[in-house]
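Enquirer: My questions will all concern the structure given below.
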Amino acid sequence: MVKELSIKSTSKTPDGIRVFRVSGTLGVEGSAGIQGLLDACLKQKAYRIVLDLQGVDFISSAGMGAFLSAVGEMRKNGGDIIFVKMQNKILTVFKTLDVLDYFIVADDVDQAVERFRAGKLPKPPSLEELTAGAAEAFAAAPRVTQALFSLLAAYSDILGGDREINRKLSQIVDVTGNYLALNQCAFVPLADDAGLAAAAARDNYPAVDDAVKSALGDNLPAQGIVGAEELASYGRTLGKWAAKNRTQFVLPFSAADEVIAVLVVGEKKNGGAVTTEERRLLRYLGTSLNLALDKHLAASRAPDPSPGAKREIGRKAMEMETLFSISQSLAEALETEKMLATLLMMATGQFSTDRAVVLLCAADGGLEVGAARGLDAEALHELTLPPLGLADVVDGHAGPTLVSALEEELEERDRRQLEPFVEQGIAALAPIRFKNRLIGIVGLGAKITGRDFDADELRLLAALVNLAAVSIETARLLEKTKKNYGGLVRALVSAIEAKDKYTRGHTERVTLYASALADEIGLREDQRQDLLFGAVLHDVGYLGVPEEVLRKPNGITEEQLAELRRHPLIGADILRGIPLLRNALDGVRYHHENYDGSGYPDGLAGEDIPLIARVIAVADSFDAMTSDRRYRKGKSKEDAAQEIHAARGAQFDPAVADAFVRLLESGRLDVIPTKRRKQEV
C-alpha cells in the first residue's frame, strides 16, 4: 500500500539551518509535496536544509527531479540540502541515477548541522563542467514516432509491473493481437541463453525452425519495422517463411546490437493491412519492450552481478518505472500546466539534470515557454522563438539533437536563437510532434555528472516526448472545450437571471457557498468541478417555466406550484446533450430532493441522492433564507444556521448540514451581500 507523504519541521537553529523529517512515498504526488516544501524554503530565503529521510521507503525519478532543481538554487545562495538517515534502498536509487556524489549525505542531523557550520560545501558545477564531453550519441537517436495513446496505459502497466518477463510478453502479445484484430501475433525468441519463452495471441504460433531463426538474427536491423517484401530480399528462407505465415512484418528486439527476438505480425481478421497509426503504436511498443528486455537480460546474464552490473539493472528498473509513472500521470493530468510540470519533474530526475524547458508552438507558429525547471526566470522570455529558423531545424531531426550540433546547421542569422539556450545550460533539444506536426520542443540540460547520454536514455527521452505530445494536445483540446462551454454556461446564467430580477446574483452566491462547502467536506477535484457546474446551472430549468408564474406578485396556485417544481427536470433535459456537463446533471435534477424522501422530482432519500445535489441543496436554501425578497427581509446568518441545523436529517444530509454550520460559526463563511438594484417601475 502506498504511504502518503508526511513532512514535519523538527527544528530550526539560531543560524537558520532548518531540519525536516520526511516519511512515506516520493512518487509523483509525494514529489509535488517535496517540491512545494523546497519552493517555500527558497521564497523564505532558507537556503540551508537538512532532510531526514529515514521514513521514506520509495523514491522515483520525480522525487529526484524535485531535489535536483532545488539544490542548485540553494547552492547559488550559499546553502545546500543535506540528506540524513537514508534507507539502503533509497541510497541505491541515488547511485542508480548516478547522482549520489552530487548531493551531500550525512549520518545524522548533528553531523549535517556541523557540515553546514564548517562551510565546506560543494560548489554548483559551472556550465563548462556540465557540458564537458557532451555526447554525440544524440545524433544516433532512434526514430521513435507518435504512438496510439489508447494502448499506452495498458502497455506501461504491463511493462512497469512486477510480473516475470515471460508473463509480460504473453500479456503484451494478447493485448496487441486483440487491439489490432490480428489473426496472428507472436513473440519469437532467437537467443537460447536469454531465458525468453515464445508467446502468441490465441495460440497461433508461426512455424520457426532453426534456419529461420538464424536468418532473422543475421539479417534484421537492430531497430525499426521490417516488412514482408524486405524479408524476402534477405533470401529465400525468410521469403518462404513470411509467405507461408502471411506475415505483414516483424519488429526486432536487440541487445548490444544483436537481434535476440522478434514480434511477428500477421494479417488482420478482416484481411486488411496494418495502418500507419498502428505501425506507430508498434514502434512505441518496440521502444518500451526493449527497455524491459534490457533489464531482464542484465539480470539473467549476471546471476551474481558486480556493483556496476547491479547499478545497470537498477537503472533499467528506474527507466521502466519512469515510463510507467509518467504515462499514468500524463494521462490523468487534464491541465497543460500541471501535465508539463509533471513531465519536467520526472525528466530532470531520470536524466540527472537540474534544468529543463518545454517550448510550445504559439498561434503565430513561433515558440513560447510552456514550463521550465532550474532556469533563470528573468531570462525565460528570451527563449521565445520566431516561427522560422531553430524550430524548423529541430523539426528536421528524428529525435533529440545536441545544441552544439545545431550550431553547425543553422544559418548565421539564426544562430543567435541558440544563445539563450547555451546561456541557460540547455544541452539538447527534442522535437514534440503530434500527427507529424511540430507542436513544441523539449530542452534538456547537461547531466550534472558530466557523463554522456547513452542510447537507452535517448530511447527513453524520445518515448517520454512522444507521450507528452499526445497529452499536450489532449489537454489543449479540453481547455479549449472548457472555454467554449464556459461561454455557453455564462449565456445560460444570464438568460436565467434575466427572467426574474429577484434572483439575479443568486447563482453566483450559491456557487460560492457550494465551493466553500466542497472544501470543508473534502470533495475530490473531479467531484468539485461537477459540483460547481451543477451549482451555476441548478436553476437553468426556469428557462422553461412561464414568466407569469415566476413573476406572479401574489399567491400561487397548486397548478402553478407544480409548474415551478418541474424546473429540475427541465434543467436536466436542457443540459443532457452537453457532454462536459453530463456529470453536473445530478446537481441540477436532484437539488430539491430531501434527505427524508419528501422532496421532488423523484422522491429520493438519504445517500440515494447524489452528493453534489445534497451540497447544492444546503447552499441554495441558505441563500434563499438570507436574501431579501419582495415579501420579506432576509434572515441573519445565525438564524439561517439554526434553521439548517434543525432540518438536518429531514431536508438536509446531516453531515453536509453540520459542515456548513461549522463554516458559519467559525467565521470562515459569511452571508454574501445581495447587490442593490434600482426599483423597477
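Enquirer: Can you find a residue in segment 256-265 that is surrounded by 18 or more Cβ atoms within 10 Å (Cβ to Cβ) and not in a strand (DSSP E or B)?
Expert: No, because not a single residue in segment 256-265 is surrounded by 18 or more Cβ atoms within 10 Å (Cβ to Cβ) and not in a strand (DSSP E or B).
Enquirer: Something else now. Using beta carbons and a limit of 7 Å, which pairs, at least six apart or on different chains, have the first residue in segment 83-104 and on the phi > 0 side of the Ramachandran plot and the second one surrounded by fewer than 16 Cβ atoms within 10 Å (Cβ to Cβ) and modelled with pLDDT of 75 or more?
Expert: Once the first residue is on the phi > 0 side of the Ramachandran plot and sits in segment 83-104, its partners that are surrounded by fewer than 16 Cβ atoms within 10 Å (Cβ to Cβ) and modelled with pLDDT of 75 or more give Lys85/Gln54; Lys85/Asp108.
Enquirer: If you don't mind, there's one more thing I want to ask. Find all pairs meeting these conditions: Cβ atoms under 6 angstrom apart; at least six residues apart or on different chains; first residue within segment 229-243 and in contact (Cβ under 8 Å) with a residue 40 or more places away in the chain; second residue surrounded by 17 or more Cβ atoms within 10 Å (Cβ to Cβ) and among the aromatic types (Phe, Trp, Tyr).
Expert: Between residues of segment 229-243 that are in contact (Cβ under 8 Å) with a residue 40 or more places away in the chain and residues that are surrounded by 17 or more Cβ atoms within 10 Å (Cβ to Cβ) and among the aromatic types (Phe, Trp, Tyr), there is no close pair.
Enquirer: Being more than 24 Å from Asp376 (Cα to Cα) and modelled with pLDDT under 70 is the filter; apply it to segment 411-431 and report the residue that is surrounded by the most Cβ atoms within 10 Å (Cβ to Cβ).
Expert: Arg413
Enquirer: Return the residues of segment 335-360 that are among the basic types (Lys, Arg) and either at pLDDT 75 or above or not assigned by TED's automatic domain parsing to the domain that holds Leu438 (or both); say none if nothing qualifies.
Expert: Within segment 335-360, Arg355 is the sole residue that qualifies.
Enquirer: Taking the condition modelled with pLDDT under 90, in contact with a helix residue (DSSP H, G or I) (Cβ under 8 Å, 6 or more places away or on another chain) and aliphatic (A, V, I, L, M), does Leu580 pass?
Expert: yes
Enquirer: Looking at the structure I just gave you, is Arg143 of a type in the set (D, E, K, R), at pLDDT below 55 and not in a helix (DSSP H, G or I)?
Expert: Yes; evaluated as a whole, the condition is true for this residue.
Enquirer: Surrounded by fewer than 19 Cβ atoms within 10 Å (Cβ to Cβ), more than 21 Å from Asn183 (Cβ to Cβ), modelled with pLDDT of 70 or more and among the β-branched types (Val, Ile, Thr): does that describe Thr237?
Expert: yes
Each row is one residue, and each column tells you yes or no for (1) buried (at least 17 other Cβ atoms within 10 Å of the Cβ); (2) part of a loop (DSSP other than H, G, I, E, B); (3) modelled with pLDDT of 95 or more.
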residue	(1), (2), (3)
Asp573	no, no, no
Gly587	yes, no, no
Gly597	no, yes, no
Asp602	no, yes, no
Asp623	yes, no, no
Glu638	no, no, no
Arg668	no, yes, no
Arg677	no, yes, no
Glu680	no, yes, no
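Enquirer: Being of a type in the set (Gly, Ala, Ser), at pLDDT 90 or above and surrounded by fewer than 13 Cβ atoms within 10 Å (Cβ to Cβ) narrows it down to one of Ala657, Ala617, Ala646, so name that one.
Expert: Ala646 is the lone residue from the list that is of a type in the set (Gly, Ala, Ser), at pLDDT 90 or above and surrounded by fewer than 13 Cβ atoms within 10 Å (Cβ to Cβ).
Residues checked against (1) under 19 Å from His506 (Cβ atoms); (2) under 41 Å from the mean Cα position of the chain (by Cα); (3) not charged (D, E, K, R):
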position	(1), (2), (3)
Tyr595	no, yes, yes
Asp602	no, yes, no
Leu611	no, yes, yes
Ala617	yes, yes, yes
Asp620	yes, yes, no
Ala624	yes, yes, yes
Lys637	yes, no, no
Ala650	no, no, yes
Ala655	no, yes, yes
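Enquirer: Would you be able to say whether some residue in segment 546-554 is outside any helix (DSSP H, G or I) and at positive phi?
Expert: no
Enquirer: Let me ask something additional. Taking Leu385 as the residue in question, decide whether it is surrounded by 13 or more Cβ atoms within 10 Å (Cβ to Cβ) and modelled with pLDDT under 65.
Expert: Taking the combined requirement at face value, the residue satisfies it.
Enquirer: For residues in segment 41-75 being of a type in the set (A, V, I, L, M) and part of a helix (DSSP H, G or I), which is surrounded by the most Cβ atoms within 10 Å (Cβ to Cβ)?
Expert: So the residue we want is Ala62.
The values are calculated or read from the model by the stated rules, or taken from the named source; none is laboratory data. Please read all numbers here as calculations on a predicted model, not as lab measurements. Note: ideal-geometry Cβ built from the backbone for every residue, glycine included; neighbour counts use all protein chains shown.
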